[in-house]
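Take a look at the structure set out below.
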Protein chains: 2
Amino acid sequence: MSNRDDVLEALGEVFRHYGYEGASIARISAATGLGKGSLYHLFPGGKDEMATAVITHIHDWFERAIFSPLRLTGDTDGMWDHVAAYFNRGGRVCLIGAFALADTRDRFATAITRYFTCWIDALALAYRQGGVENAHPMAVNAVLRVQGAIVLSQALGNTQPFETTIADLRLH
Amino acid sequence: MSNRDDVLEALGEVFRHYGYEGASIARISAATGLGKGSLYHLFPGGKDEMATAVITHIHDWFERAIFSPLRLTGDTDGMWDHVAAYFNRGGRVCLIGAFALADTRDRFATAITRYFTCWIDALALAYRQGGVENAHPMAVNAVLRVQGAIVLSQALGNTQPFETTIADLRLH
DNA sequence: GGAGAATTGTAACGATCGGTACAGGATCAG
DNA sequence: CTGATCCTGTACCGATCGTTACAATTCTCC
């Protein structure tokens with residue numbers, strides 16, 4: 001595992017798949033190919049710091065690929081393309097959404113709130129630029145439906161709920 | 001803790017709050033007031049059986065309070081009342097939805113799929129009885145939005161997304 | 001009351017948990 | 001080449017994990 005971004009990427013997949021408690025250092029070590037020594041050298045704060053770093057990494061990616069373009073260009077269509085690709089058409093879980101459901105929500109509360117607030121606000125701004133009324137409630141609803149679509153697609157083992165939700169969200 | 005239902009209720013809260021991995025036997029013992037001996041007497045299959053029993057218990061409650069009335073009377077308004085109360089206006093996590101996001105989804109796949117399928121089908125039937133077109137996609141969307149509303153309400157520490165979602169879903 | 005079953009608390013099991021210590025390899029400037 | 005710094009594999013720490021075993025207690029029914 002060469003650079004820090006690759007490590008954070010692999011780290012994210014482990015947290016995504018097993019949750020915070022289920023992501024043991026042994027599993028993380030296996031997934032990243034890094035021994036405990038390297039892991040604790042990179043993240044002296046241990047698991048807590050690893051999770052914080054992953055959340056920050058994800059937020060940074062969204063900021064660059066989604067939030068910022070949304071604010072600058074107001075291009076919602078392009079955003080849905082990126083969102084659909086990122087979440088692998090409902091086959092990939094939203095780590096931050098998953099963390100919001102368990103006791104991890106309290107530990108990473110500010111980062112979790114920030115992620116969703118940024119997304120909603122950026123989308124609301126884009127809607128407003130497009131002349132949409134009630135832009136903020138619409139943005140809340142849109143983000144909410146993406147999260148629900150992921151849950152349902154995972155639960156049913158079927159990407160259709162996600163696909164039709166994204167298709168529907170594109171209409172506005 | 002007197003009867004089995006009370007135990008399952010307390011058990012559910014532990015799984016809800018800490019997730020499957022985070023719900024240790026020690027925590028479960030403390031939450032239920034039952035020693036390890038009693039726990040393994042009630043659930044010889046250990047944690048796995050506890051989780052299965054909780055999921056079944058939840059499904060049974062929904063079947064009685066929500067799915068069945070929905071199929072028989074088609075009263076969607078009454079359903080939303082029960083749903084809002086059960087999920088404490090977004091303050092209470094959907095255990096089965098949460099299980100669908102991590103590796104627990106594979107372990108309890110059939111029960112998870114069954115829960116959501118029952119809900120969607122019952123709601124679709126009610127919509128159809130009410131003369132709604134595209135009843136099934138509408139039902140999928142409604143259940144999906146409830147799940148998303150829970151995620152977002154938890155993430156923001158704010159019940160408003162849940163409240164407005166339920167209010168909106170009542171309109172159809 | 002007393003035999004038998006059902007329930008319970010306690011102690012212990014091996015395994016694994018997150019985290020630490022540290023010796024030695026790799027790397028690089030001088 | 002030398003010394004210092006960075007990096008990493010390994011062994012180990014106490015604590016806790018899920019589970020088992022079992023003796024003691026409580027309950028049930030005759």
* Structure fact -> In order over segment A:95-101: 3J(HN,Hα) from phi, Karplus 6.51/-1.76/1.60, θ = phi - 60°, whole Hz, x for each Gly or Pro, gives 4, 5, x, 5, 5, 6, 8
* Asked: Can you run phi through the Karplus equation (6.51, -1.76, 1.60; θ = phi - 60°) for segment B:5-16 and list ³J(HN,Hα) in whole Hz, with x for Gly and Pro?
  -> 4, 5, 4, 4, 5, 5, 4, x, 5, 5, 4, 4
* Asked: Roughly speaking, what % of Cα-Cα pairs in segment A:4-170 are separated by over 29 Å, rounded to a whole number?
  -> 22 percent
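For segment B:30-88, rounded, prolate or oblate, judged on the Cα gyration tensor with a ≥ b ≥ c (square roots of eigenvalues), a/c < 1.5 rounded, else prolate if a/b > b/c?
Working: a/c = 4.59, a/b = 2.53, b/c = 1.81.
Cα axes put segment B:30-88 in the prolate bin.
Grab the DSSP H runs of chain B that are 4 residues or longer, score each as -39,500 (n - 2.57), total them, divide by all residues and round the 222 nm result to the nearest 500 deg cm²/dmol. Don't skip to the answer; put the middle values down first.
Values: 11 runs with 130 residues, N = 172.
So the calculated ellipticity at 222 nm is -23500 deg cm²/dmol.
Which value, in debye to the nearest 20, gives the size of the charge dipole of chain A about its Cα centre, when Lys and Arg are +1 and Asp and Glu are -1 at the Cβ? Kindly include the intermediate steps, with their values, before the conclusion.
On the way: 15 positive and 18 negative charges, 42 e Å.
Magnitude of the dipole: close to 200 debye.
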* At what distance in angstrom do the alpha carbon centres of segment B:72-111 and segment A:50-119 lie from each other? -> 24 Å
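Relative contact order for chain B: what percent, with Cα pairs under 8 Å and sequence separation of 6 or more?
21 percent
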* Find every distance from the label point of A:Y86 to the corresponding label point in the other copies (7 Å from Cα along Cα→Cβ) and write them in nm, one decimal, shortest first. => 3.1
* Structure fact -> In order over segment A:65-72: 3J(HN,Hα) from phi, Karplus 6.51/-1.76/1.60, θ = phi - 60°, whole Hz, x for each Gly or Pro, gives 8, 10, 4, 4, x, 4, 5, 7
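Between A:R114 and A:A167, what is 0.36 nm times their sequence separation minus the Cα-Cα distance? Round to one decimal in nm.
16.5 nm
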* Structure fact -> As straight-line cross-link partners of B:K47, the qualifying lysines (C-alpha separation under 19 Å, not fewer than 8 residues apart within one chain) are B:K36
* Structure fact -> Here the FRET efficiency for A:Y86 versus A:D48, based on Cβ atoms and R0 = 25 Å and rounded to 0.05, is 0.50
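Compute the Rg to Rh ratio over the protein assembly as shown from the alpha carbon atoms, using the Kirkwood formula for Rh, and round to two decimal places.
Details: Rg = 20.5 Å, Rh = 21.0 Å.
Radius of gyration over Kirkwood radius for the protein assembly as shown works out to 0.98.
Rule-based calculations on the coordinates, nothing more; no lab input. Source: prediction; values computed, not measured. With ideal geometry, Cβ positions are generated from the backbone for all residues, glycine too; neighbour counts draw on all protein chains shown.
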